[in-house]
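Asker: I have a structure I would like to understand better, so I am pasting it below and will then ask my questions one at a time.
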Amino acid sequence: MKRARAEILSTRKVGAYRSITLVAPEIAERSRPGQFLAIAMPEGRSFILRRHFSIHQASRRGGWAGTLEFVVDPSSGAGTGWLAAASAHEFLDVIGPLGRAFSYPKRLTNCLLVAEGRGAASLFFLAQELVARHKRIDMILGGRALEAVFKPIDAKRLAQTVAVMTADGSLGERGGVLDALPEAAARADAEVVYAIAPPPTLKTIAAFCRAHGLPAQVAIEERMGCGFGLCNTCVVPVARKDRSGYENLRACVDGPVFDPSRILWDRWLGEPMPAPTVEPEPATPHGGDEP
Amino acid sequence: MSAAPSLAVDLGGIVLPTPVMIAAGCAGTGRELAGLVDLRRVGAIVTRTITVTERVGSDVPRVAESPAGIVWETGLQNPGLDPFVSGELLRLARGGARIIVSIGGETLEEYVRMTSALQGRPEVAAIEIHLSGRDDELDRAVLGAHADRLNEIVGAVARMSLVPVFAKLPGACDDIVGLARTAVRAGATGVTLLASPPALGLEATRDRPRIGIVTGWLSGPALKPITLRAVFDVAQALPAVPVIASGGVRTGEDAVECLLAGAWAVQVGTATLTDPAAAVTVAQGIVRRLKTAGLASPAGLRGLLQPPEPVATEEDPVPAP
């Protein structure tokens with residue numbers, strides 16, 4: 001783990017997201033798929049805590065050696081919005097690589113990779129490493145609409161098959177990644193599942209994998225305080241190995257990659273909130289308060 | 001100019017190389033800060049609060065951010081006394097920092113048991129008494145906000161302890177000077193001002209079906225003026241008592257303000273979560289100020305701020321009437 005003042009080499013739009021490439025050789029050479037970066041917010045703004053982003057690419061060799069790429073969703077809050085507007089040659093205070101990485105299967109070869117939205121960024125890093133280890137990979141990519149599906153074309157270069165799912169049907173099939181899961185798992189003859197998605201989706205993926213006896217690894221995206229293990233706030237309740245209850249493990253240092261079969265999902269996510277009983281307000285004919 | 005000022009401070013029996021500590025719950029368990037800060041350059045670290053038995057801690061969400069600070073609640077997650085003493089404490093000590101152990105509990109007996117277990121441990125430089133636990137016997141929200149309880153607990157810990165004892169007084173109470181006086185009369189070496197006040201944060205994320213509620217404590221920049229007032233009032237009333245300022249200290253200037261108000265040392269908490277080396281940069285900021293002022297030690301700043309009129313400094317002259 002290193003702290004660096006890293007220069008932004010470039011930023012570019014990738015669908016609904018912004019991809020940011022940094023020059024940070026010491027962090028890049030240590031980075032592995034599933035790990036993340038903690039990026040400080042600027043002085044004098046209303047954000048106190050760092051923001052955390054999984055690593056999309058870490059180039060150790062070649063013309064891009066020493067660079068790191070991560071992906072932000074500009075719509076996910078003011079802090080991230082600030083970062084999405086940063087431009088080349090600005091400097092960021094970066095700590096990384098943080099957290100435990102995905103592990104690669106030694107014997108099993110057929111890997112199914114599932115991601116929803118921005119989470120796909122770190123699955124691409126994983127996919128490359130798995131392909132380099134002669135694994136077969138298949139992917140399911142999801143998003144609310146076409147632009148929220150991360151790099152579907154690139155996925156086709158890495159994976160044997162790619163199932164694309166959008167909530168509105170604007171790309172691929174209409175539906176969520178869960179709808180594609182049974183068929184994709186069968187088609188790929190999946191032996192292991194890797195997933196990054198919002199927790200409720202991961203919960204269902206975990207249940208599927210358990211029902212089918214599939215080993216799985218999930219990277220969770222819990223809101224973090226510090227990102228390096230100090231504040232004890234990004235915890236996930238995980239069953240103890242000796243089966244004596246559970247312990248709250250920190251997603252930042254004990255994760256973000258976990259074995260989903262050990263996560264106590266209901267304790268972690270709470271029971272779903274009952275559906276609202278109030279009638280939704282009718283849309284105003286004049287479109288809100290715009291002048 | 002004389003030689004570089006020394007930052008060493010003596011807090012009633014514990015000598016620290018700098019007056020800047022890392023506050024309870026922000027220094028990790030001995031692994032996290034490796035490579036991010038040299039703990040030998042930190043005045044001391046206060047451990048996360050330890051309880052007699054393990055606490056698994058509260059459910060998520062545990063943190064909500066606001067412009068003024070963070071609202072947090074960990075439910076005092078910790079491994080319990082024995083695993084702490086045999087594991088975490090030794091690991092922290094290997095990092096080279098002086099260690100102040102924060103002890104928490106709900107009953108007098110728990111505090112006594114912990115003090116007894118820490119007695120004679122060479123790694124422990126001092127004890128800080130966490131008093132924000134619930135007082136179930138008296139059905140009160142915060143243990144340390146009441147003089148009778150404070151007197152009982154601090155008295156017992158101070159009588160047994162072989163190292164200095166600091167009482168961390170509650171962030172929301174009626175009479176901070178009265179509580180400080182009670183703690184000192186009961187035997188505390190000094191006081192840490194203040195514990196985080198109770199707060200509530202809401203967190204909506206798109207990934208969750210409902211809004212998260214963090215019923216916890218406030219930390220961060222919002223606290224500095226509150227800390228300064230408490231430090232000032234207590235230092236005025238009890239000038240011989242070591243006062244440690246905690247809450248809202250992020251920069252060297254913040255620390256200098258606390259020292260001017262009468263603090264003997266400061267703790268850096270939330271700032272460490274963003275800048276792991278904050279305790280070192282804050283100390284560097286104090287050195288710069290001492291050099292500018294031509295002072296030899298942080299004690300030279302202590303209490304320069306006097307009522308009713310603040311002492312003028314070069315940067316901030318008092319305007320002519």
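Asker: Just to verify a result, which residue in the range A:1-45, among those that are in a loop (DSSP other than H, G, I, E, B) and of a type in the set (A, V, I, L, M), is nearest to A:Ser75 (Cα to Cα)? Let's see the steps before the verdict.
Answerer: Applying the first criterion (in a loop (DSSP other than H, G, I, E, B)) to the range A:1-45 yields A:1, A:15-16, A:24, A:29-35, A:40-45.
Add one more test, that the residue is of a type in the set (A, V, I, L, M), and what stays is A:1, A:16, A:24, A:40-41.
Numbers: A:Met1: 29, A:Ala16: 9, A:Ala24: 26, A:Ala40: 18, A:Met41: 16 Å.
Among residues in the range A:1-45 that are in a loop (DSSP other than H, G, I, E, B) and of a type in the set (A, V, I, L, M), the one nearest to A:Ser75 (Cα to Cα) is A:Ala16.
Asker: Taking the condition of a type outside the set (Val, Ile, Thr) and either assigned to a loop (DSSP other than H, G, I, E, B) or in contact with a strand residue (DSSP E or B) (Cβ under 6 Å, 6 or more places away or on another chain) (or both), does B:Asp148 pass?
Answerer: Criteria not met by B:Asp148.
Asker: Looking at A:Ala88 and the list (1) touching a residue at least 60 places away in the same chain (Cβ under 8 Å); (2) over 19 Å from A:Gly34 (Cβ atoms); (3) surrounded by 15 or more Cβ atoms within 10 Å (Cβ to Cβ), which single condition is not satisfied?
Answerer: (3) is the only condition that A:Ala88 fails.
Asker: Related question: Restricting to the range B:1-29, name every residue that is surrounded by fewer than 20 Cβ atoms within 10 Å (Cβ to Cβ) and outside any loop (DSSP other than H, G, I, E, B).
Answerer: B:Asp10, B:Val15
Asker: While we're looking at this one, here's another question. Can B:Ala167 be described as more than 12 Å from B:Leu108 (Cα to Cα) and of a type outside the set (D, E, K, R)? Break it down stepwise before answering.
Answerer: Working: more than 12 Å from B:Leu108 (Cα to Cα): yes; of a type outside the set (D, E, K, R): yes.
Yes; evaluated as a whole, the condition is true for this residue.
Asker: Quickly run through the range A:238-261 and pick out the residues that are within 20 Å of A:Arg223 (Cα to Cα) and either free of Cβ contacts under 8 Å to residues at least 40 places away in the same chain or over 23 Å from the mean Cα position of the chain (by Cα) (or both).
Answerer: Quick first cut of the range A:238-261, residues within 20 Å of A:Arg223 (Cα to Cα) only: A:238, A:247-260.
Once the filter is applied, which keeps residues that are within 20 Å of A:Arg223 (Cα to Cα) and either free of Cβ contacts under 8 Å to residues at least 40 places away in the same chain or over 23 Å from the mean Cα position of the chain (by Cα) (or both), the range A:238-261 yields A:Val238, A:Glu247, A:Asn248, A:Leu249, A:Arg250.
Asker: Under the condition of being of a type in the set (Val, Ile, Thr) and farther than 26 Å from B:Thr189 by Cβ, which residue from the range B:30-68 is surrounded by the fewest Cβ atoms within 10 Å (Cβ to Cβ)?
Answerer: If we filter the range B:30-68 for residues that are of a type in the set (Val, Ile, Thr), which is where we start, we get B:37, B:42, B:45-47, B:49-53, B:56, B:60, B:63.
Still in the list and also farther than 26 Å from B:Thr189 by Cβ: B:37, B:53, B:56, B:60, B:63.
Details: B:Val37: 23, B:Thr53: 11, B:Val56: 15, B:Val60: 25, B:Val63: 26.
Among them, the one singled out is B:Thr53.
Asker: Quick one: B:Ile213 ticks every box in (1) crowded, with 19+ Cβ neighbours inside 10 Å; (2) in a strand (DSSP E or B); (3) among the aliphatic types (A, V, I, L, M) bar one, so which box is it?
Answerer: (1)
Asker: Select from the range B:269-311 the residues that are among the aliphatic types (A, V, I, L, M), more than 21 Å from B:Pro17 (Cα to Cα) and surrounded by 14 or more Cβ atoms within 10 Å (Cβ to Cβ) and list them in ascending order. Please lay out each step first, then the result.
Answerer: Residues of the range B:269-311 that are among the aliphatic types (A, V, I, L, M), as a first pass: B:271, B:273, B:277-280, B:282-283, B:286-287, B:290, B:293, B:295-296, B:299, B:301, B:304-305, B:311.
From what's left, more than 21 Å from B:Pro17 (Cα to Cα): B:273, B:304-305, B:311.
Selection gives B:Leu273, B:Leu304, B:Leu305.
Asker: Still on this structure, please answer the following. Taking the conditions exactly as written (modelled with pLDDT of 85 or more, out of contact with any Leu (no Cβ under 9 Å at 6 or more places or on another chain) and more than 10 Å from every other protein chain (Cβ to nearest Cβ)), does A:Gly81 satisfy them or not? Walk me through how you get there before you give the answer.
Answerer: Details: modelled with pLDDT of 85 or more: yes; out of contact with any Leu (no Cβ under 9 Å at 6 or more places or on another chain): yes; more than 10 Å from every other protein chain (Cβ to nearest Cβ): yes.
Criteria met by A:Gly81.
Asker: Please count how many residues of the range A:46-95 are within 24 Å of B:Val37 (Cβ to Cβ) and in a loop (DSSP other than H, G, I, E, B).
Answerer: Adding up the residues that qualify gives 4.
Asker: Among the residues that make up the range B:77-87, is at least one of them surrounded by 24 or more Cβ atoms within 10 Å (Cβ to Cβ), under 15 Å from B:Cys26 (Cβ atoms) and away from chain A (no Cβ under 14 Å)?
Answerer: no
Asker: With B:Val112, B:Val85 as the choices, which residue is part of a helix (DSSP H, G or I) and within 24 Å of B:Val191 (Cβ to Cβ)? Steps first, please.
Answerer: Values: B:Val85 fails: within 24 Å of B:Val191 (Cβ to Cβ).
Criteria check complete, one pass: B:Val112.
Asker: Scan the range B:52-61 and tell me whether some residue there is in contact (Cβ under 8 Å) with a residue 40 or more places away in the chain and either over 29 Å from B:Asp136 (Cα atoms) or β-branched (Val, Ile, Thr) (or both).
Answerer: Scanning the range B:52-61 turns up at least one residue that is in contact (Cβ under 8 Å) with a residue 40 or more places away in the chain and either over 29 Å from B:Asp136 (Cα atoms) or β-branched (Val, Ile, Thr) (or both).
Asker: Is it true that B:Thr74 is polar (S, T, N, Q) and farther than 19 Å from B:Ser161 by Cα? Even if it seems obvious, please write down each step before you answer.
Answerer: On the way: polar (S, T, N, Q): yes; farther than 19 Å from B:Ser161 by Cα: yes.
Yes.
Asker: Name every residue in the range A:100-143 that is buried (at least 16 other Cβ atoms within 10 Å of the Cβ), in a loop (DSSP other than H, G, I, E, B) and out of contact with any Cys (no Cβ under 6 Å at 6 or more places or on another chain), in order of residue number.
Answerer: Residues satisfying the conditions are A:Ala101, A:Phe102, A:Tyr104, A:Pro105.
Asker: Give me the residue from the range B:56-69 that is in a loop (DSSP other than H, G, I, E, B) and more than 8 Å from chain A (Cβ to nearest Cβ) and, out of that set, nearest to the chain's Cα centre (by Cα).
Answerer: B:Ala68
Asker: Do any residues in the range B:117-142 that are under 10 Å from B:Leu162 (Cα atoms) and of a type in the set (Gly, Ala, Ser) have Cβ atoms under 7 Å from those of residues that are modelled with pLDDT of 85 or more and surrounded by fewer than 17 Cβ atoms within 10 Å (Cβ to Cβ), where the two are at least six apart or on different chains, and which pairs are they?
Answerer: B:Gly120/B:Leu162
Asker: Within the range B:28-55, work out how many residues are among the charged types (D, E, K, R), under 25 Å from A:Leu98 (Cα atoms) and more than 9 Å from every other protein chain (Cβ to nearest Cβ). Before you say what the answer is, go through the steps one by one.
Answerer: Taking the range B:28-55 as the starting set, the residues that turn out to be among the charged types (D, E, K, R) are B:31-32, B:38, B:40-41, B:48, B:54-55.
This time we only want the ones that are under 25 Å from A:Leu98 (Cα atoms), so: B:31-32, B:38, B:40-41, B:48.
Next, only the ones that are more than 9 Å from every other protein chain (Cβ to nearest Cβ) stay: B:38, B:40-41.
Number satisfying all stated conditions: 3.
The values are calculated or read from the model by the stated rules, or taken from the named source; none is laboratory data. These figures come from a predicted structure and were not determined experimentally. Because the Cβ atoms are built from the backbone with ideal geometry, glycine has one as well, and the counts that use them run over all protein chains shown.
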